[in-house]
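Presented below is the structure to which this report refers.
The values are calculated or read from the model by the stated rules, or taken from the named source; none is laboratory data. Note that this is a predicted model, so its numbers are computed, not measured. A quick note on method: Cβ atoms are made from the backbone with ideal geometry, for glycine too, and the neighbour counts reach across all protein chains shown. Only protein heavy atoms, including side chains, enter the accessible area calculation; ligands, DNA and RNA are left aside. Shrake-Rupley method; radii C 1.70, N 1.55, O 1.52, S 1.80 Å.
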Amino acid sequence: MFNIVKILLVGSGAREHALLRALIAGGDEVVVAPGNVGMTEAAARFPLNVSDGQAIADLAETESVDLVVIGPELPLVNGAADAVRARGIACFGPSAEAALLEGSKAFAKQVMAAAGVPTAMARVCTNQTEVESALDAFGPPFVVKDDGLAGGKGVVVTDDRRIAGEHAAVCLQRHGEAAVVIEEYLDGPEVSLFAITDGVTVVPLQPAQDYKRLGDGDAGPNTGGMGAYSPLPWAPEGLVDDIVARVIQPTIDRMRLDGVPFAGLLYAGLALTSRGLRVVEFNARFGDPETQAVLARLESPLGPLLFAAATGTLAEVAPPRWSNDAAVVVVLAAANYPQAPRLGDEVCGVEQADALVDVAVLHAGTEVADGRLLSAGGRVLTVVGCGANLSDARERAYAALDHITLADSQFRRDIALNKD
């Protein structure tokens, strides 16, 4: 196996902060672009427009890296992985064509249908008349999804027909001739499963569950994610194997057969419904905040897995090793998130929280000005607590949050509650 010397990690969120920690723990040298305040001591940072694939490729070439790992979805959909590979540099992340699994929900539905993957019944609508017909057909609760990328906030689930129709109209207006997807509502608990793949071989990671709504008890609007935990003590035995056999492997095989091989990280968001396993959505990269929970439990090096996936040699790598401990992730968000986050508020207590045993504070939307740490995004910090079980991990995460102050901040208090 090739010994990775240097990795370029692209992105700036808490997900990338977690990836950086895992890569460094495995002995890899990492540079980040653009990175965030929390990464500064661990890696050299470079300014970068992540939507510019050629700029990513230029930096990878200039820094003589052996592997590029792309965190966010936008550069993948824009073809950043293609640009990097065109320079002869290994890249962990799918091509622009393959990344359409996330970039277009309509495309993902087509692939799932061809692969025989169980998912929600859906209609792809291109005008408001079709939307109204689809809403009539499925009835409440209404599930309306922006066909394109929406930063994790393009989905509305509501019993209110008016709200559903208005969201569909906004999606259609935003994308012009693009589509909006109306789906049947899926009951049952949701599960997130990441799988690393080189386009043939599939290596699943540990499952997690995330919390998409802003408030306790799943109240409020959808967000990019307010918390997560892993493992899932309540999950049925053999769940991961079942997901790989019925969802991940058929999708990867279908993409390859269609001439659009998918190599990178396939994220399956799933519902364990009363009628069985169903796919809610696919993402083409590590999810946030589930990544922070899953990687907190990883005991083996991450770099070799990512490099093998990027070079078509995943079958030659030993499977990942996992801690039996649990991880609970709580997101600290700014005032007025997700609608119009208030920026520039001082964040205090991070060092004290991060110094606690079995706690990690990961940065997402922060900046330093005049020696003060300030909020600079909607999701400001992610606090990770680890412990022998979910109750212990949860206690550590919330104890750490008690040390952190941010005016009018928001966080859920029910992450992993009663899940042991």
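Okay, here's what the table says:
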quantity: Mean Kyte hydropathy of 0.5 or more with a Cα span along the axis of at least 18 Å, helices from DSSP in the chain; calculated: none
quantity: Rel. contact order, % - alpha carbon contacts under 8 angstrom, at least six apart, segment 168-326; calculated: 27 percent
quantity: Residues of type lysines that Lys145 reaches as a straight line, Cα spacing below 25 Å, ignoring anything fewer than 8 places off in the same chain; calculated: Lys105, Lys109, Lys153, Lys212
quantity: Contour excess over end-to-end distance, with Cα ends at Asp253 and Asp414 and 0.36 nm allotted per residue; calculated: 54.1 nm
quantity: Segment 52-117 shape via C-alpha gyration tensor axes, a/c threshold 1.5; calculated: prolate
quantity: For the chain, radius of gyration divided by Kirkwood radius, i.e. Rg to Rh on alpha-carbons; calculated: 0.94
quantity: Extreme residue, positive dipole direction of segment 1-63, given options Ala57, Phe46, Ala22 (C-beta unit charges); calculated: Ala22
quantity: Cα-derived Rg to Rh of segment 41-83, Kirkwood definition; calculated: 0.95
quantity: Probe 1.4 Å, accessible area per residue of segment 193-340, Å²; calculated: 33 Å²
quantity: Percent carbon-and-sulfur accessible area, the chain, ignoring ligands, DNA and RNA, probe 1.4 Å; calculated: 49 percent
quantity: Segment 265-420: proportion of alpha-carbon pairs further apart than 28 angstrom, %; calculated: 32 percent
quantity: At R0 = 30 Å, FRET efficiency that the Cβ-Cβ distance of Leu239 and Ala399 yields, to 0.05; calculated: 0.45
quantity: Neighbour net charge for Asp408 - beta-carbon separation under 11 angstrom, K R +1, D E -1; calculated: 0
quantity: Added length on full extension, which subtracts the Cα-Cα distance from 0.36 nm per residue, Ala355 to Val200; calculated: 51.6 nm
quantity: Within the chain: Cβ-based charge dipole about Cα centre, in debye rounded to nearest 20 (Lys, Arg +1; Asp, Glu -1); calculated: 360 debye
quantity: Accessible area in the full protein assembly, largest first, 1.4 Å probe, for Asp82, Asp210; calculated: Asp82, Asp210
